[in-house]
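Notes for the one structure printed next.
The values are calculated or read from the model by the stated rules, or taken from the named source; none is laboratory data. This is a predicted model, so every value here is computed, not measured. Positions of Cβ are backbone-derived with ideal geometry, glycine not excepted, and every protein chain shown enters the neighbour counts. Surface areas here come from the heavy atoms of the whole protein model, side chains and all, with no ligands, DNA or RNA. Shrake-Rupley method; radii C 1.70, N 1.55, O 1.52, S 1.80 Å.
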Amino acid sequence: MSTIEKSTEQKSVNQQLPPSIPMIKVLPNLKRLVENPLEVWKGYIEEYGDIVSFNFGGSNRGIMSIHPEFSQHILQKNNKNYIKSKVQTELLAQYLGKGLLTADGEYWLRQRRLIQPGFHRAKLAALTDIMQQVIDDFMVDLEAKAEGGKEIEMAHEMMELAFRVVAKSLFGTETNDELLTRLGDRITVIQKFLVRQVRQPYLRWWFNWSGKTQTHLDLAEDAGEMILQVIGDRRKSKEEYDDLLDMLLSARYEDTGEGMTDRQLLEECMVLFAAGHETSANSLVWTLYLFTQHPEVVQKIREELAQVIGNRKIAFEDLRQLEYITQVVKESMRMYPPAWVTDRLSVADDEILGYKIPKDTVALTFIYGAHHNPKVWDQPEEFRPERFTKENMKDKHKFSYFPFGGGPRLCIGNNFAMMEMQLAIASLVQKFDFKLVENQQIEMQPLVTLRPKYGIKMRLRKK
Ligand code: HEM
């Protein structure tokens, strides 16, 4: 075959879209698709293959895949061709401002370069004491609530814990609890409203007309004022604090040698609050749920803790040695990835795996599907932390497991989150046994993050 023939053949292959899901398969599933995209998408993948395309009205096209090459291509290898969706850069940014999560292009890159060093493992060591202090205080409250075998809604509790961890890591342990509670309440209300806007885009006109949008924008402004007050106080303070705000305040742009303005600091703080607690909270509550089903895993964690830590306090240097807890956390995020999908928009025509990705296509890396892919994971519905030993992971594609995303927009808080979850789980299992309250429905709800739809009620027994 001549070179020209070869390239023509190649071109004709690349003109094809991935197998398309016919409307006749989409329409009857619309309700299920909104309520439970995980099962419906998994069904499409089983029927049409690891990469599928679909139409969602007019000329709007999406391509969704669990193939590791696809995820790596979109998020890493050809990431310049894929911008973040408008949900993040416009809708979210309306409330949170332009911080790392919601910014794009040159501005994002400059901010990422500035902030990244503050999240390196070595820097995080300084946060161990703050995190442990928050967890210890939280355990005291939890113990009081658990007294007499009372039912506790653990999804709510873990949200509370993760919020306190991120709030105190950002603003230090000295910050007024009452202010943090008010801030937390506002952020929770705003996030709930954002979820409604994402789920019910057809009601946006009504949200605007009825004044709901404005009410929530006012709340965001109110939250912003509180954060500006903390920033202002800190600028005046002569003391050194080993927290994230100090890190943000002392960071300097390479080119100008200057630091961030108050508005920039505010926007980055808002984003860290929003991105940094719901994900960890979900991961923690799903892990506790798995504990109720696998007491043998809890036992093994306790043995590891007894061996590595004994009766002393956990130090940052111990975390690397807590290999089994790390495997448990990773396996829990495989089964219940808190961020279950990432979405991007192509800015120019592209191709992957022999298929065409036209300009303006929504490209979805279906993280949950990839983590449950039976071609990659033996018995994917079984909880087996041992999957994550170095030996068992050595032949896996980097993008067969990516709970924190990948490429330049990899979660900046990944090490922070791992550390937080290791510390929290160590304290929880050292203190309590967990029992699921009978007769409750446990169901996944994939909103912005993967939550338990009806919460998860447990009874805690002090060890
Ligand atoms: C289990 C916990 C967490 C999970 C599973 C998680 C997951 C993710 C994922 C998948 C992304 C990439 C989204 C995309 O590519 O579209 C992301 C981005 C981000 N995460 Fe996390 N995250 C977690 C915890 C945290 C924490 C604790 C923080 C902060 C303290 C944080 C801050 C951020 C920020 C700022 C971004 C945007 C980064 C950028 O685009 O430059 N996350 N996270």
In whole angstrom, note down how far apart the Cα centers of region 262-279 and region 313-358 are.
21 Å
So if each residue of separation counts as 0.36 nm, and I subtract the Cα-Cα distance between Q293 and T215, what length gain in nm does that give?
23.8 nm
Roughly how much of D395 is accessible, in Å² to the nearest 10, using a 1.4 Å probe?
140 Å²
Quick one: which of 139-145, 43-49 comes out on top by average Cβ neighbours within 10 Å, and what's the full order, highest first?
43-49, 139-145
So what's the angle, to the nearest 10 degrees on a 0 to 90 scale, between helix 323-335 and the longest Cα principal axis of the chain?
50 degrees
Could you sort H372, H156, H397 by accessible area so the largest value comes first, with the probe set to 1.4 Å?
H156, H397, H372
Listed residues H67, Q422, P452: farthest to the positive end of the dipole of the chain (Cβ charges)
H67
Can you give the FRET efficiency for E47 and K435, using 1/(1 + (r/R0)^6), R0 = 51 Å, r = Cβ-Cβ distance, to the nearest 0.05?
0.85
Provide the packing ranking of 77-87, 442-452, 332-342, i.e. peptides ordered by the mean count of other C-beta atoms within 10 Å per residue, highest first.
332-342, 442-452, 77-87
Candidate residues M393, M158: accessible-area rank, largest first, probe 1.4 Å
M393, M158
For a quick check of understanding: with a 1.4 angstrom probe and all protein chains in place, what accessible area in square angstrom does K462 have, to the nearest ten?
110 Å²
In percent, how large is the relative contact order of the chain, given Cα pairs closer than 8 Å and 6 or more residues apart?
26 percent
Can you find, among G57, T365, L248, the residue sitting farthest towards the positive end of the charge dipole of region 3-462, where Lys and Arg contribute +1 and Asp and Glu -1 at Cβ?
G57
About the Cα centre of the chain, what is the dipole size in debye to 20, counting +1 per Lys and Arg Cβ and -1 per Asp and Glu Cβ, all else neutral?
820 debye
For I83, what is the net charge nearby, where nearby means another residue's Cβ is under 11 Å from its Cβ and Lys, Arg count +1, Asp, Glu -1?
+2
Distance in Å, no decimals, from the C-alpha centre of region 106-133 to the one of region 198-254 is 18 Å
How much length, in nm to one decimal, is gained on full extension between E382 and L179, taken as 0.36 nm per residue of separation minus their Cα-Cα distance?
68.8 nm
Between helix 414-431 and the chain: long-axis angle, C-alpha atoms, 0 to 90°, nearest 10:
50 degrees
For region 357-431, state which GluC sites (Glu not before Pro) are in a DSSP loop and have at most 16 other beta carbons lying within 10 Å of their beta carbon.
E381, E382
As I understand it, the value is the acute angle between the Cα axis of helix 37-48 and the longest principal axis of the Cα atoms of the chain; what does it come to in degrees, rounded to 10?
30 degrees
State the extension gain, in nm to one decimal, for the chain segment bounded by H156 and D395, taking 0.36 nm per residue of separation less the distance between their alpha-carbons.
82.2 nm
Listed residues V189, V362, V285 arranged by accessible area, highest first, probe 1.4 Å
V189, V362, V285
For region 163-297, what number results from the quotient of the Cα radius of gyration and 2.2 N^0.38 Å?
1.28
K457: accessible area at probe 1.4 Å, nearest 10 Å²?
70 Å²
Which value in nm describes the separation of the simple spin-label points at E39 and M226, placed 7 Å from the Cα toward the beta carbon?
3.8 nm
Share of accessible surface on carbon and sulfur in region 3-462, whole %, 1.4 Å probe and ligands ignored, is 52 percent
Within region 207-222, list the residues whose amide N lies under 20 Å from a label point set 7 Å along Cα→Cβ of L447.
207-208, 211-221
nm² value of the averaged projected area, convex hull over the Cα atoms of region 3-462
25.3 nm²
Farthest toward positive dipole pole in the chain [+1 Lys/Arg, -1 Asp/Glu at C-beta], among I24, I187, L272
I24
So, relative contact order of region 315-463 in percent, Cα under 8 Å, 6 or more apart, is 25 percent
